[in-house]
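The values are calculated or read from the model by the stated rules, or taken from the named source; none is laboratory data. Just so it is clear, the model here is predicted, and its values are computed rather than measured. All Cβ positions, even for glycine, are placed from backbone atoms using ideal geometry, and neighbour counts span all protein chains on display.
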Amino acid sequence: MKVLLASPRGFCAGVNMAIDSLEIALKAFGPPLYVYHEIVHNKYVVTHFREKGVEFVDHLEEVPHGATLLFSAHGVSPEVREAARERNLTAIDATCPLVTKVHLEAIKYARQGYTIFLIGHEGHDEVVGTMGEAPEAIVLVETPEDVAGLTVADETKLAYLTQTTLSVDDANRIISRLKERFPQIASPPKDDICYATQNRQEAVALLCSEANLVLVLGSQNSSNSQRLAELARERGVAAHLIDGAGDIEAQWLDGVETVLVTAGASAPEVVVEECLDFLRDHYGAEVEVRTTREEHVSFPLPKELRAVSVE
């Protein structure tokens with residue numbers, strides 16, 4: 001068996017920053033340490049931190065007054081920030097800067113009186129946080145079919161934004177419909193879909209035609225990981241989203257000569273290595289790294305931790 005190992009894959013700069021933030025906060029403040037929602041959408045990462053004494057909460061009422069709370073990479077709404085202040089929590093903001101950019105764009109357009117179409121998935125942590133910045137001005141658009149039913153009072157004051165972890169192809173289909181329906185709609189000055197999401201999708205698009213099977217390391221609640229598997233299937237290649245080697249089913253590999261292995265932006269390299277070891281041990285796999293683009297992006301730690309990390 002031949003394994004094509006996609007590069008880039010796995011952790012993006014925002015995820016690296018969020019995980020480093022949690023590690024440093026644990027050393028500085030010790031457990032119990034609280035995180036609003038999962039730090040990133042990955043079962044392995046969440047389990048790793050739970051075992052170190054981190055508690056992931058979905059409601060701030062679960063956090064004791066005066067405790068230390070870290071906001072996850074997906075961002076939160078102003079309402080959550082205010083609730084944290086009211087509970088006298090020491091808040092550390094590990095929101096990915098690319099998500100913060102979308103929040104700031106939403107605030108800007110809302111202040112200018114625009115109606116904002118947010119392209120994304122209902123209930124996703126990032127979407128909930130972004131919509132919370134200007135709930136009266138934002139309308140969620142999930143599919144191209146949604147566009148036909150949109151109505152606005154002033155078509156000259158319209159803008160669209162996108163969730164950062166979407167499929168580029170899916171987002172573009174919706175954007176095309178929006179521009180057809182509302183020719184004057186304003187677009188963000190720079191694409192909202194994050195560089196890492198685009199790069200990982202590009203790698204799958206370029207490489208999957210050489211494979212009989214695609215294995216995507218990532219959790220089921222990871223939007224960007226789901227998109228990678230969908231991208232391969234859309235191109236006629238069987239694909240499975242797995243948390244680790246333990247999820248691999250033998251029948252998937254029957255008659256398979258070439259496997260493309262990649263990982264979503266929230267999946268750690270350790271689960272990739274375990275998957276490769278499994279394929280080597282059971283199928284004599286030879287691994288070939290295929291690089292489609294170089295990445296050299298990094299983000300600074302939250303300001304609350306910059307002094308702590310130096311000590």
| said: Is it the case, given these coordinates, that ILE19 is within 29 Å of LEU241 (Cα to Cα), free of Cβ contacts under 8 Å to residues at least 60 places away in the same chain, surrounded by fewer than 23 Cβ atoms within 10 Å (Cβ to Cβ) and hydrophobic (A, V, I, L, M, F, W, C)? | reply: yes
| message | Looking only at region 238-266, filter to residues that are part of a loop (DSSP other than H, G, I, E, B) and of a type in the set (Val, Ile, Thr); which one of those is farthest from GLY14 (Cα to Cα)? | response | VAL256
| Identify, please: which residue in region 1-16 is under 23 Å from the mean Cα position of the chain (by Cα) and part of a strand (DSSP E or B) and is, among those, surrounded by the most Cβ atoms within 10 Å (Cβ to Cβ)? | ALA6
| query | Any residue at all in region 177-192 that is closer than 23 Å to ASN221 by Cβ and hydrophobic (A, V, I, L, M, F, W, C)? | reply | no
| Which pairs do you get when a residue that is more than 17 Å from GLY246 (Cα to Cα) and without any contact (Cβ under 8 Å) to a residue 40 or more places away in the chain, found in region 202-218, comes within reach of a residue that is of a type in the set (A, V, I, L, M) and part of a helix (DSSP H, G or I), reach meaning Cβ atoms under 8 angstrom, with the pair 6+ apart or on two chains? | ALA205/LEU231
| query | In region 212-237, what count of residues is obtained for those that are in contact with a helix residue (DSSP H, G or I) (Cβ under 8 Å, 6 or more places away or on another chain) and within 16 Å of MET1 (Cα to Cα)? | reply | 3
| Just one of LEU178, LEU231 is touching a Ser or Thr at 6+ places or on another chain (Cβ under 8 Å) and either crowded, with 17+ Cβ neighbours inside 10 Å or in a loop (DSSP other than H, G, I, E, B) (or both); which is it? | LEU231
| query | Which residues, taken from region 143-170, are exposed (fewer than 15 other Cβ atoms within 10 Å of the Cβ) and among the charged types (D, E, K, R)? | reply | GLU145, ASP154, GLU155, ASP169
| remark: Quick count over region 230-279, residues being closer than 25 Å to ASP169 by Cα and free of Cβ contacts under 8 Å to residues at least 24 places away in the same chain, is 2
| message | Just to verify a result, which residue in region 264-311, among those that are hydroxyl-bearing (Ser, Thr, Tyr) and within 21 Å of PHE71 (Cβ to Cβ), is modelled with the lowest pLDDT? | response | SER309
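I'm trying to understand the selection: among the residues of region 267-297, which are assigned to a loop (DSSP other than H, G, I, E, B), closer than 21 Å to HIS48 by Cβ and in contact with a Leu (Cβ under 7 Å, 6 or more places away or on another chain)? Spell out how you get there, then give the answer.
Narrowing region 267-297 to residues assigned to a loop (DSSP other than H, G, I, E, B): 267-268, 284-285, 292-297.
In the following step, the residues that additionally are closer than 21 Å to HIS48 by Cβ were identified as 267-268.
Selection gives ALA267 alone.
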| SER21 passes all but one of (1) out of contact with any Asp or Glu (no Cβ under 9 Å at 6 or more places or on another chain); (2) of a type in the set (S, T, N, Q); (3) assigned to a helix (DSSP H, G or I); (4) over 30 Å from ARG290 (Cβ atoms); which number fails? | (1)
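Within region 195-208, is even one residue outside any loop (DSSP other than H, G, I, E, B) and loosely packed, with under 15 Cβ neighbours inside 10 Å? It would help to see each step written out before you state the result.
The initial filter retains those residues of region 195-208 that are outside any loop (DSSP other than H, G, I, E, B), namely 195-208.
Retained after the next criterion (residues that are loosely packed, with under 15 Cβ neighbours inside 10 Å): 206.
Checking region 195-208: at least one residue is outside any loop (DSSP other than H, G, I, E, B) and loosely packed, with under 15 Cβ neighbours inside 10 Å.
Anything in region 140-167 that is among the β-branched types (Val, Ile, Thr) and either without any contact (Cβ under 8 Å) to a residue 24 or more places away in the chain or outside any strand (DSSP E or B) (or both)? List them, or say none. So that I can check it myself, show each step before the final result.
Taking region 140-167 and keeping what is among the β-branched types (Val, Ile, Thr), we get 141, 143, 147, 151-152, 156, 162, 164-165.
Within region 140-167, THR143, VAL147, THR151, VAL152, THR156, THR164, THR165 meet the criteria.
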| note | How many residues of region 82-115 are more than 21 Å from the chain's Cα centre (by Cα) and buried (at least 17 other Cβ atoms within 10 Å of the Cβ)? The answer is 8
| field | Test: VAL46 is modelled with pLDDT of 95 or more and within 30 Å of LEU213 (Cβ to Cβ) | value | yes
| request: Inspect all residues belonging to region 93-100 and state whether any of them is free of Cβ contacts under 8 Å to residues at least 12 places away in the same chain and farther than 24 Å from ARG227 by Cα. | output: no
| Matching residues in region 25-50 - criterion: being in contact with a Phe, Trp or Tyr (Cβ under 8 Å, 6 or more places away or on another chain) and in a loop (DSSP other than H, G, I, E, B) | HIS37, GLU38, ILE39
